[in-house]
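Single-structure report; data block below.
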Amino acid sequence: MAYITTIDAPDATSELATLYKKYANPDGSVDDVLRVHALNPASLEAHCTLYVQSMHRPSPLSRAEREMVGVVVSRLNGCSYCLTHHAQGLRRLLPADRQPVADALEQGKPADLTERESAMIAYTSKLTRTPSSIAQTDVDALRAAGLTDREVLDLAQAAGYFAYANRIVLGLGAAIEDDGPLGAWPRDATG
C-alpha cells in the first residue's frame, strides 16, 4: 500500500479514468507505480509519456536491451518493485536459451552477456552509481562495442527513466500488485 492516497481504477473518474484505461495492463489492472500519481493526472501522463518513449517507441536499442537497463538500474537503486517487474519483462523478451541472463542481472551477477551488452551494463551501472563521473571515455567505450550515438542517447534515456521511476516508487511506497500481471506492458505502449 502506497504512503499517500491513491485511487483504484473502479473509483477513478474523468481524466484519471481515461488515463487509467490508456495505460492499464492488458487485463485492465493498473500498476501501483501509476496509481501513486492519482492525485495529479498530469503527473501520471508525464510519467507514462517518458516511460513509453524510453521503453517502447522505436529505437536502435532492442526492447530486451532496454529492459536489461531497467533491471540493472533498479537493482542498484534497491527498487525491488521495478526490479521484479522488469526482470519478468526481460524474461518475456529473451529467447529460452538466454533466460539465465535475466536471472543473473536480477541477482546482480551479470553472466553470458555479449560484448555490446557488457558495455551497456558497465555504462548503466556507472551512470546509476556515480553519474558525475561519466566522461567521454565512457561513451567511447560504448562506441568501441558498436553502439551509435543514437543508441548511447537512448541508453542514457532508459537509465534516466529508471532513476526517476525508482525514486517515485521508493519515495511514495508503491507496492507489488496482487491483482495484476508482473512485467506486463500497458495496452497503449505506443503513446
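Relative contact order of the range 13-191, taken over Cα pairs closer than 8 Å and 6 or more residues apart, is 38 percent. All C-alpha pair distances within the range 45-147, sorted into 5 Å bins from zero, spread as 2, 13, 21, 24, 23, 13, 4, 0 percent across the bins. Would you list, by chain and number, the lysines whose Cα falls below 19 Å from the Cα of Lys109, excluding same-chain residues fewer than 8 positions away? In chain and number order, the partners are Lys126. Helix-only arithmetic for the chain: the sum of -39500 (n - 2.57) across DSSP H runs with n ≥ 4, divided by the residue total, places the mean residue ellipticity at 222 nm at -18500 deg cm²/dmol.
Let me check I've understood the local charge: for Pro100, count other residues with C-beta under 11 angstrom from its C-beta, Lys and Arg +1, Asp and Glu -1. What total comes out? Its environment carries a net charge of -1. The convex hull built on the alpha-carbon positions of the range 1-67 has an orientation-averaged projected area of 5.1 nm². In order along the range 94-110, the Karplus-derived 3J(HN,Hα) couplings, from 6.51 cos²θ - 1.76 cosθ + 1.60 at θ = phi - 60°, round to 7, x, 3, 6, 10, 3, x, 4, 4, 4, 5, 5, 4, 8, x, 10, x Hz, and Gly and Pro are given as x. For the chain, the convex hull drawn through the C-alpha positions has a volume of 114 cubic angstrom per residue.
Every number here is computed from the coordinates shown, using simple stated rules; none is lab data. Quantities reported herein were computed from a predicted structural model and do not represent experimental measurements. For neighbour counting, all protein chains shown are included, and Cβ atoms are generated from backbone atoms with ideal geometry for every residue, glycine included.
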